[in-house]
Amino acid sequence: MFRRGMQSWGLVWFRNDLRLRDHEAFVTACKEHDGRVIPIYVFDGRQVGPGAKTAVGGFSKCSTPRAQFLLDAVQDLEDTLRQRYHGMQLIIYQNAYPEEVIPALITRLGSEKRVHITAVYYHQEVCVEEKAVEEALKVSLTNLYGHENATAVACRALRGSSTLYHPDDLPPTASVAALPPVFTTWRKLVERCGRVRAPLAMVEPSQVHPLPFSIPCDRVPSSVRDLIGENCEQERFRQQLTWSLPTFSDMRMDARNAFPFRGGETASQERLQAYTFGSDAIARYKETRNGLVGTEYSTKWSPYLAIGNITPRQIYHTLRQYEEMRPEKKGVSTYWAVFELEWRDFFRFAAMRYGNALFWRSGLRAVIQFELDKLSKHRRWRQDPVMLKTWQCGLTGFPFVDANQRELLATGWMSNRGRQNVASFLAKDLELDWRLGAEWFESLLLDYDPCSNYGNWQYCAGVGLDPRADRHFDVIRQARMYDPDGTFMAQWLPELASCTNWFDIPRIHSQYPHYPRPVVSQLNRGRKQIDAGFADRPKQVASEGSSQDRRRKPLAGARQREPRWMRRTHSGPADTMDTKTSSSEAKQTVLDHFGWSSKQRR
């Protein structure tokens with residue numbers, strides 16, 4: 001309770017906004033509390049703890065590369081707060097729950113230190129698990145002092161700057177409530193009528209008054225192992241694979257690594273300047289953006305955007321400054337960089353508009369069809385543990401797929417071209433449940449963002465916001481177009497180092513018997529699966545409801561199954577296995593790579 005002599009303070013809860021530039025919550029808290037602010041960051045155990053698992057496949061939600069990138073970012077935020085704002089402490093809790101530790105901290109500061117926190121400031125998230133935590137925090141803070149008590153702690157949920165176009169600035173026909181189901185339609189509307197706000201400046205040191213004492217709390221974990229434990233799939237695969245998987249610390253110095261950068265706001269600003277004014281690489285972005293090798297073929301801004309080290313509007317206005325200062329280089333390349341930010345916005349607004357449907361097996365397409373009274377039958381998806389692991393580990397027998405998957409497993413990075421191909425291969429050629437692929441990316445990608453990740457996977461699987469639901473990538477043709485001399489594939493497939501013809505699959509497997517046999521006989525939709533019918537396989541990787549046993553509320557069941565009316569529209573049981581067997585040799589090759597017997601299921 002508030003007592004005489006206690007000052008009013010604001011608590012700033014940092015989430016996926018690990019920066020101080022263009023940070024509305026921090027700026028607002030400082031303004032409304034005369035600089036008396038307390039920053040806090042919680043490593044939520046349901047997202048990055050040892051027991052954090054995905055809902056369908058049961059994968060670790062955060063593996064080594066992304067965990068290290070996150071640690072870099074939190075450490076950078078802690079250092080910047082301390083150095084810029086007179087020793088300001090970032091309060092840290094590890095493997096904890098915000099809706100529990102924040103009210104407990106407020107109570108402790110009020111009773112022991114006579115520090116009265118009257119408001120908690122944070123940026124709103126848009127996906128169901130994150131929103132569930134926000135609601136739980138509001139309930140906890142309401143219960144702290146009672147529903148009608150004048151000293152109750154206010155929750156100041158702010159829109160922030162996670163999108164290029166602020167939701168309030170969207171034209172009516174492109175707003176969240178009226179979101180067009182096709183990206184091109186939406187893009188034309190916002191480019192014609194929308195505006196991009198200027199970034200907020202950092203709060204000046206003279207405007208901040210930190211606590212004059214330290215608060216006992218956790219520290220930034222000194223190692224990834226301390227944060228996520230040792231039992232993630234990446235580490236298990238490292239022990240099982242016959243091809244050498246370097247440690248992540250070694251990969252950061254490896255010449256093959258296309259993303260050797262550290263996390264944090266400082267590093268994000270360095271990368272932004274280096275790619276624009278430093279090397280002028282942005283001027284070549286349109287021509288290089290489908291590249292596969294090196295650090296400069298793409299911006300590499302997405303990991304920093306994912307955890308909020310930088311904002312889209314910071315990037316946008318830097319690009320506009322670049323065009324003004326380099327008029328001779330102004331052209332379509334800067335536009336294409338903004339174009340990718342608009343795609344990111346579109347997926348975030350779709351998550352706001354459609355909620356849980358972002359995670360449904362039937363996807364956003366089914367929701368839109370239902371709204372238009374055009375609901376149709378949907379694809380049957382399989383769940384096959386052996387086939388899934390061949391895809392995860394880069395053992396499919398198709399070099400372009402395998403090289404991209406091994407790069408992801410080793411570094412946490414994969415090019416945009418690679419992502420489209422491996423996603424199409426899993427959903428359209430292997431016909432596996434697309435959510436398993438999305439969850440694998442969730443586990444490994446440095447730039448994992450739920451809206452972009454699940455939105456793009458639905459797009460590739462043909463169940464998302466895409467007028468071409470039958471979109472399909474021929475991975476051999478794509479390899480010929482984007483890696484014609486095999487440079488990228490040779491980097492990640494040492495067993496094929498002497499290969500001269502990367503596109504003749506039968507010849508490759510006749511010359512290199514130790515390379516896995518193809519897991520599908522041909523790259524056609526509706527083609528026969530080579531080893532799709534292992535009689536001793538389980539019928540699914542994990543049950544739909546298994547996530548409720550793995551995580552605590554309020555996240556339990558947040559990514560719900562489709563409503564009953566939606567589930568009836570599937571053409572058959574979602575987890576049914578094709579029981580036709582056509583190649584025992586391919587089956588044995590896959591099992592041998594993992595040292596499994598034919599009766600081992602996972």
| Given labels modelled 7 Å from the Cα in the Cβ direction, how far is it in nm from HIS509 to LYS286? | 4.2 nm
| In region 1-161, how many lysine pairs have Cα atoms under 30 Å apart, counting only pairs 8 or more places apart or on different chains? | 9
| query | In percent, how large is the relative contact order of region 258-356, given Cα pairs closer than 8 Å and 6 or more residues apart? | reply | 30 percent
| field | Inter-site label distance for GLU112 and ARG326 at 7 Å from Cα along Cβ, in nm | value | 5.2 nm
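If packing is taken as the mean number of other Cβ atoms within 10 Å per residue, what is the order of 502-512, 132-142, highest first? Can you show the working numbers first?
Numbers: 502-512: 14.9, 132-142: 18.0.
Ranked by mean Cβ neighbours within 10 Å, highest first: 132-142, 502-512.
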| field | Ordering of 307-315, 172-180 by packing [mean C-beta count within 10 Å, highest first] | value | 307-315, 172-180
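Treat the count of other C-beta atoms within 10 Å as a stand-in for reagent exposure and order HIS33, HIS317, HIS86, HIS23 from fewest to most.
On the way: HIS33 21, HIS317 16, HIS86 13, HIS23 27.
Arranged by neighbour count, lowest to highest, HIS33, HIS317, HIS86, HIS23 become HIS86, HIS317, HIS33, HIS23.
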| request: Enumerate the amide H contacts of ARG156 below 5 Å, restricted to partners 5 or more residues apart or on another chain; note that Pro and chain-start residues carry no placed amide H. | output: VAL120, TYR121, TYR122
| request: Determine, from the Cβ-Cβ distance of ASN356 and ASP218 and an R0 of 35 Å, the FRET efficiency 1/(1 + (r/R0)^6), rounded to the nearest 0.05. | output: 0.60
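Read-outs: derived from the displayed coordinates by stated rules, not from any lab. Keep in mind that what you see is a predicted model, and the values were worked out from it rather than measured. Cβ atoms come from the backbone with ideal geometry, glycine included; neighbour counts cover every protein chain shown.
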